[in-house]
Amino acid sequence: MSEGSIRLVGVGSLVGTEPACTSHTDCQLEGMDARSPCSNSRCKDYNSKTNLRNVHHYFLRPLLASSAPEQVAHKVQDLLWELDSLTLDAQQLLEKLLRIYKDEDEEKATEAPHPIIPAVSSQHDQVPNQVQEKAPNVHGYIKLENSDYQAKFDYPCPNSRADWGCVLTAQGLEDAIDKCEKDLRCMAFVSIPHHSVEGWLTIFLKNGASDPAANQGTTIYIKPQSGGGNRVQPAVNQTTGQKHSANQKSVLQPRPCVWEELQAQRDMRGRREERLMRACGWKGLTDEKWASILANSSLTSADNFQHPAGGKAIPGGHLTLTLKDRQDQVFKAMFMSKTGPEEFHLSQLLVYQLDRLMGLYQMVPTYSRYLRKAELQAVGLVQTVGTLRDNFAQLKDSSGGVTGTMSAQVSAPVSVKTHLTVPSLVELTQAVTPMGTEQRDDLEYILLSWLARLPLPTSLYGIRGRRLLLTKADAAFQGSTENQEKLLHYLHNCHFPQHLYMVLDTARDRRCSLAQQVFQQVKSALPPSHSQDLHIGQYSMESLISTMDRDMNRLLDLMDTCIDKFGKDVVLYQEAMKTG
């Protein structure tokens with residue numbers, strides 16, 4: 001800045017050519033996703049992103065952060081946030097700067113926005129219990145007047161006005177929707193009128209969209225599905241019928257951004273589910289039926305209690321329960337309630353949801369279950385005078401109940417599996433060798449273990465000594481780098497299920513987070529009191545989402561490398577397994 005004019009005095013750090021690449025990870029900018037896909041061995045638009053980042057770092061941020069007028073300061077902060085996250089290109093930056101400049105006009109700043117989303121007809125004390133039609137505008141948000149998510153679904157974000165959640169100022173509804181659209185974690189937002197500027201809003205971004213409560217004067221806007229669908233559907237909740245949620249109101253959630261791809265795979269996934277049920281000795285059962293069994297059956301006995309890793313001093317544990325449904329059919333299940341430091345029942349639920357979203361069907365059905373004090377008392381799990389120590393005492397709520405996970409127990413014979421049938425390769429294979437059914441089963445077990453950061457057990461057990469199956473995944477998402485590299489060696493065979501590639505590739509094309517969807521399903525499955533602070537040890541939900549998405553992207557990069565070398569028809573195999 002010289003005599004009131006801006007002068008460019010050096011361009012030494014500007015870049016003029018696109019760098020070469022072999023995968024999308026080569027196109028990251030200082031470890032961040034630069035939204036520059038690897039295309040034809042070059043990082044598309046990488047140099048413009050790099051130049052813009054340099055201009056932002058050395059020029060725009062110091063200038064704007066120190067000199068923004070008060071009436072547009074919050075908007076400048078939002079712009080700097082977008083530049084930090086590499087979501088803008090040069091043209092978009094120019095348009096936003098011009099808009100901010102114009103918005104210094106007080107009359108425009110206080111002008112009331114045009115209503116663009118008509119309200120969905122509903123009473124403020126009642127949540128709609130049916131599919132809501134998309135509002136007739138380009139956004140498609142569902143509007144619930146006089147409703148709120150009080151003390152629910154809050155998460156931190158840059159430039160928040162509060163440290164307990166994502167609280168932002170929006171210059172009207174268009175701006176509020178824009179902020180929610182640009183944050184992958186945002187599933188809905190609550191709005192109230194701004195305290196001082198007419199037409200503006202104070203908004204609270206939310207990472208969930210279930211069980212709204214009546215609250216006069218606040219309005220909820222629920223984000224529609226990604227990918228251009230035309231409806232917002234009630235959540236496909238795999239834990240429907242659980243006792244802890246039996247009296248809850250209907251849940252409105254966006255469909256996952258890969259919904260269309262999941263629908264296209266529905267028949268194939270049905271065959272995989274049936275094959276899993278038959279292998280485990282559950283002929284005629286499904287995930288949905290298991291959900292009802294695990295959630296609603298009464299407890300008749302408990303045995304085989306096991307302490308968590310770390311010994312008797314650690315609260316919680318897992319044990320075998322005998323269940324009886326309303327038709328007096330008897331089932332076995334494993335109940336666990338663990339909150340660390342090495343094992344977590346939340347991990348068990350996360351891995352199950354991850355497995356089903358990926359379509360691998362390598363884990364037994366698992367659901368959240370709240371056991372009431374009376375149920376625990378009936379099977380001897382309540383401490384009384386003269387009995388053994390109550391191992392769940394520290395995890396129980398004020399009414400004496402405990403939340404954990406219930407997993408189906410395999411009925412078929414299980415025995416030692418002597419070895420993995422997939423070779424471990426330090427380097428990428430030089431030729432892809434076709435695999436048989438058992439090899440593919442082993443490979444997909446390894447795939448799920450790698451995505452869940454689970455080490456392979458020292459002793460392998462399979463159904464009839466052959467098919468491996470995850471029954472206990474409470475140590476997931478804590479695996480070391482060495483463990484991940486060891487598992488990766490098995491994936492160097494360049495053999496992958498086609499449907500898994502399609503899910504990952506679709507998510508990449510639509511720039512959405514599959515890990516976010518996994519956590520959303522888990523939050524829907526848990527009681528409200530347990531769904532707010534999801535963490536595994538020192539890892540927060542945000543950290544886990546970032547790690548899971550990064551691992552999925554790394555797997556997809558490996559798949560792309562194999563496809564570039566050998567071709568899709570060789571690398572990707574389709575579902576061709578018998579259901580029997």
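Values for this structure:
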| read-out | value |
| --- | --- |
| Top-ranked residue in the range 144-181 [being assigned to a helix (DSSP H, G or I) and not aliphatic (A, V, I, L, M); ranked as farthest from H535 (Cα to Cα)] | E174 |
| Residue within the range 359-382 that is touching a residue at least 12 places away in the same chain (Cβ under 8 Å), in contact with a Pro (Cβ under 9 Å, 6 or more places away or on another chain) and at positive phi present | yes |
| Those residues of the range 408-429 which are among the polar types (S, T, N, Q), in contact with a strand residue (DSSP E or B) (Cβ under 8 Å, 6 or more places away or on another chain) and open to solvent by less than 60 Å² (accessible area, probe 1.4 Å), in sequence order | S415 |
| Selection status of A213, within 11 Å of D148 (Cα to Cα) and either among the hydroxyl-bearing types (S, T, Y) or free of Cβ contacts under 8 Å to residues at least 60 places away in the same chain (or both) | no |
| Filtered residues of the range 430-477 (kept if crowded, with 21+ Cβ neighbours inside 10 Å and polar (S, T, N, Q)) | S449 |
| Scope the range 154-178; condition at pLDDT 85 or above and closer than 13 Å to N207 by Cα; matching residues | C166, V167 |
| Yes/no for V197 being under 28 Å from S524 (Cα atoms) and either open to solvent by less than 20 Å² (accessible area, probe 1.4 Å) or at pLDDT below 90 (or both) | no |
| Residue count, the range 487-510 (criterion: touching a Ser or Thr at 6+ places or on another chain (Cβ under 9 Å) and without any contact (Cβ under 8 Å) to a residue 60 or more places away in the chain) | 1 |
| The range 341-382: number of residues that are buried (at least 21 other Cβ atoms within 10 Å of the Cβ), over 18 Å from the mean Cα position of the chain (by Cα) and closer than 22 Å to G310 by Cβ | 2 |
| Within the range 258-308, helices (runs of 4 or more DSSP H) holding 1 or more residues that are open to solvent by less than 40 Å² (accessible area, probe 1.4 Å) and closer than 18 Å to I463 by Cβ | 266-279, 287-296 |
| Tally of residues being closer than 19 Å to I293 by Cβ and of a type in the set (D, E, K, R) across the range 332-355 | 2 |
| Selection from the range 448-465 of residues that are in contact with a helix residue (DSSP H, G or I) (Cβ under 7 Å, 6 or more places away or on another chain) and modelled with pLDDT of 90 or more | L448, S449, W450, L451, A452, R453, I463 |
| Pick from the range 313-332, criterion among the small types (G, A, S) and open to solvent by less than 80 Å² (accessible area, probe 1.4 Å), ranking: farthest from A408 (Cα to Cα) | G316 |
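The values are calculated or read from the model by the stated rules, or taken from the named source; none is laboratory data. Everything quoted here is computed from the prediction, not taken from an experiment. Positions of Cβ are generated from backbone atoms using ideal geometry, with glycine treated the same way; all protein chains shown enter the neighbour counts. Side chains included, ligands, DNA and RNA excluded: accessible areas come from the protein's heavy atoms. Shrake-Rupley method; radii C 1.70, N 1.55, O 1.52, S 1.80 Å.
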